[in-house]
Structures are given as C-alpha cells and as structure tokens.
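Here the structure is laid out as structure tokens; the discussion comes afterwards.
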Amino acid sequence: MRARVNKIDLNLVWDDARAMGRANRDLLTAIAGMFLLLPSIVAGQFSRMPPPLESGAEPAAAFGRLMDYAALNWPVLLVHSIVTAFGVLAMLSLLLRTERLTVGQSLHAALLVLPAYVLAVTVQRFGIMCGLTLFFLPGFYLIGRLALIAPVAAAERPGNPLTILRRSAELTIGNGWRIFLMLAMVFIAATAIGLAATSVVGVTATLLLPKDVADLAVAIISGLVEAGIGVAIMLVTAALYRVAMAAVGRRRG
C-alpha cells in the first residue's frame, strides 16, 4: 500500500515561505537580480516581435502568433530559460541544503545539478503540454504533481532526471490539485499586480520620456515583475517541499 502525504497545511506553507523570504532577503535579492532580472531585461532587448494581428482575428490566431514569437526567438528563450533555471536552483540550494551554503557555494551546487534539472523540466513541460491538450485538467494536475522538481533537484541532488520527476510525484501524492491551486493563486495575484505596475509605468514613461528611454523603463519593470513572480513561486515550492518532507519524517517516526 502506498504511503500518502498528509493534506498540506496551506497556512503553514505561506508562513514558511514568508519566513524564508524575510530571513534570506538580501542573498535572494542578489541572486535573483543577477540570474532572473538581468536575463529578462537582456532577453527583452534581443527579442523580435511577429507581425501584429489583424483586427477581428480569430482566437486561434493569437496562439499562432505566440508560436511565431517562439520560432523567431527560440535561441534567446533557450538561453534565458537555462540562466533563470540556474538562478532558481542556486536560491533553492541556499534555502534547502542541510549545510548552510554561501552564495558562491550555492552557485556551484546549482551548476552541478543543472543538467539533470533541465532534462527533468523538458520532460515535465512536454507532459504538461500533452495534458493541456486533453481538456486542460490533466495538464493542471501534472503541474501540481511535478511542482517540486526544482526543490528536489537542489536539496537532494539526484543525477537522474527521471529520479527528480519520480521524487516530486512521491512527495505530492494526495495534494496535486491543492498544490496547483496554490501556485495558480500566487501566479495570478503576482501577474495582476505586475501588469498594473507595468501599465502605469508604461503610460507615464511614454508621456514623459523619449521612446528609447521609455522602452527601457518598461523592460526593467517587466523584468522586475518576472523576477518577482519567479522568486514567489520558488519560495512557495521550497516551503511545500519542507512541509512534504516533514510529513514524511512524521510517518517514519
């Protein structure tokens, strides 16, 4: 009979995520600024936009434009995703490793697990995309069950990407939908706040600054929003991992 993870205490997860953020704010800010914010700004400067949609275009055309954007910018997107993955692993190594690491040690630790993690993410995203094509729900469920691959990679350092995926699935048994809903709430709330900030800055910068300077200001705010969302998701998944591991320890005890 398979052991089941206890139903997660969402309040405990929120509290732990906030506590980790407060206790490590300066170090997390430094890593996120270098490996989340800066790559986002640089990627925005090198990205090319596909032709705009015509008025009255079908909804499917918007998806097609997104695919065109990915096709035009895949080298930039690939480098950006690898660099940000490295930054996330470094922050998680700092938070979750049993030995207290310095920033330099956390960067080295992240580099060692990066190849296996990138392969695990590739499999994860392929599975989620396949699930989303089946009326969305299977994809949403997989997001919840595989949400802990980054904490697993950083804390446990398995060299096999399939081990990373299997370990996340083990730790999230019985909580797939709860984890998905939690992450969705964090993402939606952070995105709404970020879009509002970007809109205000964009309008103000366009009115007061030259176009190039205004575009740079918007790129910086967009990068801050993206980095903020990344850090928020990272902290929540780190807290989820700690709660799941505590539940495992209670069962073994």
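The values are calculated or read from the model by the stated rules, or taken from the named source; none is laboratory data. It should be emphasised that the depicted structure is a prediction, and the values quoted were computed from it without experimental measurement. With ideal geometry, Cβ positions are generated from the backbone for all residues, glycine too; neighbour counts draw on all protein chains shown.
Considering (1) within 14 Å of the chain's Cα centre (by Cα); (2) in contact (Cβ under 8 Å) with a residue 40 or more places away in the chain; (3) surrounded by 18 or more Cβ atoms within 10 Å (Cβ to Cβ), the lone condition that S222 does not fulfil carries the number (1).
Matching residues to (1) among the aromatic types (F, W, Y); (2) surrounded by fewer than 17 Cβ atoms within 10 Å (Cβ to Cβ); (3) over 23 Å from N11 (Cβ atoms); (4) out of contact with any Leu (no Cβ under 9 Å at 6 or more places or on another chain):
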| site | (1), (2), (3), (4) |
| --- | --- |
| R167 | no, no, yes, no |
| I173 | no, yes, no, yes |
| G176 | no, no, no, no |
| I188 | no, yes, no, yes |
| I193 | no, yes, no, yes |
| V201 | no, no, yes, yes |
| A205 | no, no, yes, no |
| P210 | no, yes, yes, yes |
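Selection of the stretch 108-125 for residues being closer than 10 Å to R157 by Cα and touching a helix residue (DSSP H, G or I) at 6+ places or on another chain (Cβ under 8 Å) yields A109, A110, V113, L114, A116, Y117.
Look at (1) surrounded by 14 or more Cβ atoms within 10 Å (Cβ to Cβ); (2) under 19 Å from V243 (Cβ atoms); (3) at pLDDT 90 or above and you find that R22 fails only one, number (1).
Taking the numbered list (1) within 17 Å of V121 (Cα to Cα); (2) in contact (Cβ under 8 Å) with a residue 40 or more places away in the chain; (3) surrounded by 15 or more Cβ atoms within 10 Å (Cβ to Cβ) in turn, M182 passes all entries but (1).
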